[in-house]
Every structure is written in C-alpha cells, then in structure tokens.
Amino acid sequence: MSGTVQLAKCVRTGMQVAIKQMVIAKQAKKEVLRNEILIMKESHHDNIVNFLDAYMVDGEIWVCF
C-alpha cells in the first residue's frame, strides 16, 4: 500500500495514532488493497503496529494504526 501517513490523536481515547491516507484511484490492484486491510484487521502483536480501523473519505481510504 502506498500513501501518506499523518500522526493524529483519537478524541475519544486520547491515544496517539497514525493515519495512512491512500487515494483509491491511484491503487493499481484494489483487490490487493482490500485483502491487505483484511489481513491487518486479523493480526495483533505487541511488537507490530496494529490496525485499528479503516474509513472511506472523499475517494480515499484512511487506515488507522
């Protein structure tokens, strides 16, 4: 997956998060993107940045870690 990453703070929890913004139109294989998000959603490990959620925003996918 390629895109830009921003640091943010969750308003609800106060936790610092990273948000990766990816323009859907620029993704060569959208099915690969979907599969990667599904795999990240199932994977949890103390030594790896963990997936929190994903959102569609104005033609972009925002993935929160």
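Restricting attention to segment 29-47, which residues are open to solvent by 100 Å² or more (accessible area, probe 1.4 Å) and hydrophobic (A, V, I, L, M, F, W, C)?
39 - this is the single residue of segment 29-47 that is open to solvent by 100 Å² or more (accessible area, probe 1.4 Å) and hydrophobic (A, V, I, L, M, F, W, C).
Can you spot a residue in segment 6-20 that is among the charged types (D, E, K, R) and touching a Ser or Thr at 6+ places or on another chain (Cβ under 8 Å)?
Checking segment 6-20: at least one residue is among the charged types (D, E, K, R) and touching a Ser or Thr at 6+ places or on another chain (Cβ under 8 Å).
Restricting segment 40-65 to residues that are modelled with pLDDT of 85 or more and among the β-branched types (Val, Ile, Thr), which is nearest to residue 7 (Cα to Cα)?
Out of the qualifying residues, it is 63.
The values are calculated or read from the model by the stated rules, or taken from the named source; none is laboratory data. Note that the structure is a prediction, hence the values are computed from the model and not measured. Using ideal geometry, Cβ is built from the backbone for each residue, glycine included, and neighbour counts are taken over all protein chains shown. Side chains are part of the model used for accessible areas, which takes the heavy atoms of the whole protein and leaves out ligands, DNA and RNA. Shrake-Rupley method; radii C 1.70, N 1.55, O 1.52, S 1.80 Å.
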